[in-house]
Amino acid sequence: MNIKIALFAPRTIVSNYWNGFRKYYFTPFQFFTIASLSLLINYFFFNNFLGLSLTVNISSHLAILALNIVLLTLFSALVYIKFKKNIFEHLILNIYNVSLWTILFVPISIVLSLVFENTDMARFFFIPFHLLILIWNSRSFELSKLKRFLFVVLNLSLFYGTLLFLIYYSNL
């Protein structure tokens with residue numbers, strides 16, 4: 001029920017949490033725990049998530065989940081600054097959304113790993129994964145369609161620009 005509400009009415013679950021109505025839905029920590037367990041299941045079957053191979057250990061899967069939440073929280077706070085939400089409210093928003101889409105994409109990752117031996121095709125799914133997170137983040141705010149589109153594009157550009165920057169400078 002909670003995943004259905006988070007999927008079809010993201011503003012409801014997030015704004016209720018922001019406004020103190022916390023008994024009715026899973027907390028962000030519960031969503032994060034379910035996402036972590038989903039990644040754990042994925043780890044036991046395949047050592048990659050959407051084609052991103054991690055050879056270190058299970059903690060690296062959780063590190064990727066946490067890195068996504070942290071980066072998306074920072075960019076969300078920057079892009080949606082006019083809505084006067086503090087960093088913790090953006091953190092709640094991103095824990096819900098990153099966890100939701102991780103839970104939904106783990107089965108996709110498993111199927112892709114079964115179908116394709118080469119992980120290049122699976123890596124393509126990182127863009128829709130992040131795009132859906134950013135669209136759902138934007139649905140938590142009152143925006144026109146044009147502003148929603150622009151905010152999602154700006155957020156996506158900031159996120160992937162930062163990732164490319166980090167990858168480039170970590171390889172030097």
Nearest 10 degrees, 0 to 90: helix 87-115 Cα axis against the chain principal axis
30 degrees
If I compute solvent accessible area with a 1.4 Å probe over the protein chains, what percent of it on the chain is carbon and sulfur?
72 percent
The helix 145-170 Cα axis meets the longest alpha-carbon principal axis of the chain at an angle in degrees, between 0 and 90 and rounded to 10, of 40 degrees
How do Leu164, Leu62, Leu134 rank by accessible surface area computed with a 1.4 Å probe, from largest to smallest?
Leu164, Leu62, Leu134
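Just by accessible area at a 1.4 angstrom probe, what is the order of Lys145, Lys4 from largest to smallest?
Details: Lys145 180, Lys4 125 Å².
Result of the area sort, largest leading: Lys145, Lys4.
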The chain: angle of helix 28-45 to the longest principal axis, Cα-based, in degrees nearest 10:
10 degrees
Euclidean distance between Cα centres, segment 85-147 to segment 151-172, Å:
16 Å
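Could you please report the charge total around Val152, scoring K, R as +1 and D, E as -1 over all other residues with beta-carbon less than 11 angstrom from its beta-carbon? Show your work: numbers first, answer last.
Details: positive: Arg139, Lys145, Lys147, Arg148; negative: none.
Result for the local shell: +4.
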Across Lys82/Lys145; Lys4/Lys82; Lys23/Lys84, pairs whose alpha-carbon gap is larger than 23 Å:
Lys4/Lys82; Lys23/Lys84
Per DSSP H run of n ≥ 4, the term is -39500 (n - 2.57); total these for the chain, divide by its residue number, and report the mean residue ellipticity at 222 nm rounded to 500 deg cm²/dmol.
-24500 deg cm²/dmol
With a 10 Å radius around each residue's Cβ, average the other Cβ atoms per peptide and rank 102-111, 23-32, highest first.
102-111, 23-32
Given Leu112, Ile87, Pro128, which one lies farthest toward the positive end of the charge dipole of segment 75-168, if we put +1 on the Cβ of every Lys and Arg and -1 on the Cβ of every Asp and Glu?
Ile87
Provide the solvent-accessible area of Phe83, counting protein heavy atoms only and rolling a 1.4 Å probe, rounded to the nearest 10 Å².
50 Å²
Give me the tail of P(r) for the chain as a percent: Cα-Cα pairs with distance above 30 Å.
16 percent
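The values are calculated or read from the model by the stated rules, or taken from the named source; none is laboratory data. What you are looking at is a predicted structure, and each value in this text was computed from that prediction instead of being measured. Every residue, glycine as well, gets a Cβ built from its backbone with ideal geometry; the counts of neighbours run over all protein chains shown. The area values use the complete protein model at the heavy-atom level, side chains included, leaving out ligands, DNA and RNA. Shrake-Rupley method; radii C 1.70, N 1.55, O 1.52, S 1.80 Å.
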